[in-house]
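For reference, the structure discussed in these notes is given below.
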Amino acid sequence: MLEINVQEAVMKQGISRRDFLKFCSMMAGVLAMPRGYAERIASALATPKRTPVIWIEFQDCAGNSEALLRSSRPTVSELILNVLSVDYNETIMAAAGEQAEEAKQASIDAGGYILVVEGSIPTGEEGAYCCIAGKSAIQLLEEAASNAVAVIAIGSCAAFGGIPMASPNPTGAAPVSNFIKDKPVINLPGCPVNPVNLSATIVHFLTFGELPAMDDLHRPLFAYGARIHDNCPRRGHFDAGEFTVTWGDDGHRQGWCLYKMGCKGPITKHNCPAVGYNDNTSWPIKSGHGCIACSEPNFWELGAYNQADLQRYAPPATYAPVQLPTQKIDPASAGIIGGVAGVAIGAASVAAYKALSKSDEEAQTPPANSTKK
Ligand code: SF4
């Protein structure tokens, strides 16, 4: 048991009670819970109960560890994870060799811990592509999961195989969920994961004693319940048929939609628009690059600059022309179609149909009196 609770531990690191309560409110917001739940989270974190975390890493670039550790300043969530993650983390623990392995084994024997797994599991050549302390990743994963209360597959490599699993997958890389069948596995994909979503998942577990609700890919709905496209600040430009068509063109400089540059926001579920990265400083679309669908399975195979197949996401009547129109539509026909579509799918699609007769070049050139950014 911890001698002090999480709240006391973070306050000892110089975080004020006010900032701690702000963190609890933020966690309630990220978890899509009513404001009142912030008090419940604060109360749970003020309970001196220790939930150890064992963090193991296999076939990956360590980007998820980096995302958590390399921020410009320690945040409350990092401190909370530091308080919880003392048992075993190969990247940051002081112990090494036999001492580190003994510490991990002691935690496994004690049980009751959350297992965080970073990286995919190579299965080729009987696991020879990733061995630590003479054991394959498969053996190490199964051992570490044996007494865990829950397993968090962090980052796209652990969740879905990620880049190591990309064709031709020379190491036989596979996701964590292929190996753990007797306890809950939650996937937190992203390349890298957003540390806010890891914190919120652990805070949910500490507060309610269970993992948050998940989708059919075992991703928590609070973070992966909505498409990026549906909350994107450039969505108005998509609906108006205003697209960046070349890096650095007028549309790009004015913040227009990046769909034609390969943005996968329409087929990607992630809460990037709400929480951003690096203390919400920015995220790919905000910085001017399209989403690469890093939180979706097999994202690497989609091609970063290939256009997403929108018809898998929505019928063409609901979005602006994303290909060059094959024929001009006369205003009367457009009005009829627009009226019908407007009843069916709302005002945004009416604007979309008005753009049907625009060529790419016209769509790219802002009107002289445009105030759009
Ligand atoms: S296609 Fe991409 S940039 Fe355009 S609105 Fe959708 S998510 Fe945003």
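Each value in this text was obtained by applying a stated rule to the coordinates, not by laboratory testing. Fair warning: this is a prediction, and the values are worked out from it, not measured in the lab. When we count neighbours, we look across all protein chains shown, and the Cβ atoms used for this are built from the backbone with ideal geometry, even at glycine.
Ranked by how many other Cβ atoms sit within 10 Å of their own Cβ, fewest first, the residues E98, E8 fall in the order E98, E8. If each of Q99 and E39 carries a label point 7 Å out from its Cα toward its Cβ, how far apart are those two points in nm? Rounded to a tenth, the inter-label distance reads 4.7 nm.
Length gained on full extension, T91 to A62: 9.6 nm, using 0.36 nm per residue less the C-alpha separation. Taking every Cα-Cα distance in the stretch 6-224 and sorting them into 10 Å bins starting at zero, the pair-distance distribution P(r) comes out as 8, 34, 38, 16, 4, 0 percent. As a rough guide to protection, the peptides 222-231, 125-134 ranked by mean Cβ packing within 10 Å, highest first, stand as 222-231, 125-134.
For the stretch 6-224, lysine pairs with C-alpha atoms less than 22 angstrom apart, excluding pairs fewer than eight positions apart on the same chain, total 9.
The ellipsoid that matches the Cα gyration tensor of the stretch 179-309 has semi-axes, each √(5λ) in whole angstrom, of 30, 15, 12, with the longest given first.
With the convex hull drawn over the C-alpha atoms of the stretch 126-232, the volume per residue is 127 Å³. Of F179, F299, F205, the sequence from fewest to most neighbouring Cβ atoms within 10 angstrom is F179, F205, F299.
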